[in-house]
Amino acid sequence: MRSSGASSGRSPGEAVSGGLSPADDTVLVRVADAVATITLNRPASLNALTIPMKERLLAILEGVGGDPAVRAVVLTGTGRAFCAGQDLRERLAPDPPSLDDELRLRYNPIVRAIRDAPQPWIAAVNGVAAGAGASLAFACDLRLAAEGASFVLAFGRIGLVPDSGATWTLPRLVGAARAAEIALLGDTVVAEEALRLGLVSRVVPDDELGPAAAAMAARLAALAPGATAATKRLLGTAFDRDLDAALEAEAEVQTAAGSHPDHAEGLAAFVEKRPARFEGG
Ligand code: LHQ
């Protein structure tokens with residue numbers, strides 16, 4: 001997990017790999033040119049999430065979130081699925097952990113880590129995203145879908161409710177009426193329909209998903225990190241504010257952004273007709 005383009009004088013991959021077992025390849029992370037690509041990697045089970053996998057994912061998220069050399073993150077899956085959610089076989093094993101523990105100790109902190117990360121997160125949805133797998137995609141800031149991707153809130157089929165933030169994220173993404181259909185009926189939403197609903201912002205041919213996500217991540221990584229993080233925060237809390245509060249929050253955040261050297265750099269780059277080199281920090 002080495003990277004190039006690190007601006008902190010060491011490989012950000014080192015920070016990300018700290019404490020992770022190299023023998024466990026169920027979640028892969030690669031850092032290059034200020035972009036971390038996290039890949040769920042249990043393709044035989046459609047990348048369904050086991051406890052060790054969730055713990056590894058959480059450790060990776062914490063490493064990436066705290067690494068200033070990482071400026072954008074791509075989350076994707078190996079094979080024909082993005083993620084089939086909770087590994088249901090694990091639930092059938094003797095003495096599985098309580099759902100309370102699963103959610104409070106693993107799923108919720110994963111979602112929180114994505115939402116609280118300063119970097120923008122792109123879900124590159126390469127195939128089916130089911131249950132908590134769909135919730136992970138919904139938690140990201142941007143969703144790109146391959147033509148063969150789909151979303152299904154399969155919770156109802158096994159007598160559970162949508163979790164991992166889906167009851168919060170889905171209505172915000174597609175509105176209350178569509179969210180109710182998707183969550184209650186559990187119908188599969190294919191990529192084109194997801195685009196029409198605004199659940200994803202782009203659909204690309206299957207073999208173009210990786211390059212499209214990498215190109216978008218590179219664009220995000222070239223922006224001023226502090227302003228990008230603040231924009232993510234403002235958008236992530238937008239539906240919880242009235243207009244006056246939004247105007248106030250923007251004024252406060254903009255004042256801070258305007259006093260950062262990256263704003264001066266952006267202005268200088270504009271008048272000098274050159275790309276900006278943002279330092280962050
Ligand atoms: C799987 C899984 C899977 C294990 C496919 N587990 N093996 C949080 C807290 C704690 C507990 C409860 O849950 C939660 C949150 C949740 O995520 S609940 C929702 C869990 N997910 C689901 O209910 C989805 C279950 N999977 C499916 O409905 C289908 O597999 C989908 C629609 C994703 C894909 O269908 P197909 O394309 O027809 O593939 P398949 O069903 O044939 O699956 C391929 C293989 O993957 C198969 O294994 P096998 O050994 O027979 O080839 C499946 O058993 C395995 N797999 N999902 N969640």
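The values are calculated or read from the model by the stated rules, or taken from the named source; none is laboratory data. What you see is a predicted model, and the numbers here were worked out from it, not measured in a lab. Cβ coordinates were reconstructed from backbone atoms using ideal geometry, including for glycine residues, and neighbour counts include every protein chain displayed. Heavy atoms of the whole protein, side chains included, go into the accessibility calculation; ligands, DNA and RNA do not. Shrake-Rupley method; radii C 1.70, N 1.55, O 1.52, S 1.80 Å.
Note: relative contact order over region 82-180, using C-alpha pairs below 8 Å and six or more positions apart, is 29 percent. Rolling a 1.4 Å probe across the protein heavy atoms gives the chain an accessible surface of 50 Å² per residue. Nearest 10 degrees is fine. How inclined is helix 209-221 to the longest principal axis of the chain, computing both from alpha carbons? For 209-221 against the chain, the angle is about 40 degrees.
Working note: Karplus 6.51/-1.76/1.60 with θ = phi - 60° gives region 267-276 the couplings 5, 4, 4, 5, 6, 8, 6, 9, x, 6 Hz, where Gly and Pro are set to x.
With helices as the sole contributors, the chain gives -12000 deg cm²/dmol at 222 nm; each DSSP H run of n ≥ 4 counts as -39500 (n - 2.57), and the sum is divided by every residue. Coupling constants for region 60-68 follow from the phi torsions by the Karplus curve (6.51 cos²θ - 1.76 cosθ + 1.60, θ = phi - 60°), and in residue order they are 5, 4, 5, x, 5, x, x, 9, x Hz; glycine and proline get x.
In this structure, the amide hydrogen of Ala48, modeled 1.01 Å from its nitrogen in the peptide plane, lies closer than 5 angstrom to those of Ala84, counting only residues at least 5 positions away or on a different chain. Each Lys and Arg contributes +1 and each Asp and Glu -1, all at the Cβ; summed about the Cα centre of region 202-244, the dipole is approximately 200 debye.
Within the accessible surface of region 89-161, defined with a 1.4 Å probe on protein heavy atoms only, the carbon and sulfur portion equals 56 percent. Of Thr231, Val204, Ala183, which is farthest towards the positive pole of the chain's charge dipole, taken about the Cα centre with +1 and -1 on the beta-carbons of Lys, Arg and Asp, Glu respectively? Sorting the options by dipole projection puts first Val204. Between helix 225-236 and the chain there is an angle of about 50 degrees, using the helix long axis and the longest principal axis of the Cα atoms. Computed over the chain with a Gaussian network model linking Cα atoms closer than 10 Å, the most mobile of Leu46, Leu267, Leu103 is Leu267. About its Cα centre, region 39-90 has a charge dipole of approximately 200 debye under the convention of +1 per Lys or Arg Cβ and -1 per Asp or Glu Cβ, with nothing else charged.
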